[in-house]
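Beneath this line is the structure, given in structure tokens, with notes to follow.
What follows is calculated from the coordinates using simple rules that are stated; it is not laboratory data. Just so we're clear, the structure is a prediction, and the values are computed from it rather than from any experiment. Cβ coordinates were reconstructed from backbone atoms using ideal geometry, including for glycine residues, and neighbour counts include every protein chain displayed.
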Amino acid sequence: MPIKIIEKKIKKSEISDLAKERFGDLVKAVVDVERSLIVVGAELHSDEEALLLEQESKQQDLWGINLYPEKMGEEFIEFDSMINLRPSHGNSSRGVNDPSIRKKIIEIVNLLIEE
């Protein structure tokens, strides 16, 4: 499966199909919180990040997550990626420390991926 940029609603079943093709139970994704889009389908978050940087996204707007299509609610999104390590921007973990950014990521995921 090639890398896919999600700018319009897709079904959660498409994410599930992607998971089965690549990792089994998860899909790596990068969310651009400024442009309100998600990139999925790569083996590494850094590949998705690179694609968005080539398309004029800004580094500080990109956050790596994992999506677990067979899970519901808060368990659907996991905030864990090496690209999130940004001590110079106040994020010293692989998670997303800023609650407002986490909220924005959740809103974008919920907007673009529907049951």
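Some notes on this structure:
- Distance from the Cα centroid of the stretch 65-115 to that of the stretch 9-52 is 12 Å (rounded to whole angstrom).
- If the segment from Lys11 to Ser100 were pulled out straight at 0.36 nm per residue, it would be longer than the present Cα-Cα gap by 29.5 nm.
- Counting only residues at least eight positions apart within a chain, or on another chain, the aspartates and glutamates with an alpha carbon under 17 Å from that of Lys11 are Glu21, Asp25, Glu70, Glu107, Glu114, Glu115.
- Cα-based equivalent ellipsoid, the chain: semi-axes from gyration tensor eigenvalues, Å: 20, 15, 13
- Within the chain: Cβ-based charge dipole about Cα centre, in debye rounded to nearest 20 (Lys, Arg +1; Asp, Glu -1): 160
- Packing, taken as the mean count of other beta carbons within 10 Å per residue, orders the peptides 37-45, 49-57 from highest to lowest as 37-45, 49-57.
- Sum of -39500 (n - 2.57) over DSSP H runs of 4+, divided by residues of the chain (222 nm, nearest 500): -9500 deg cm²/dmol
- Computed over the chain: relative contact order in percent, which uses C-alpha pairs under 8 Å that are six or more apart: 28
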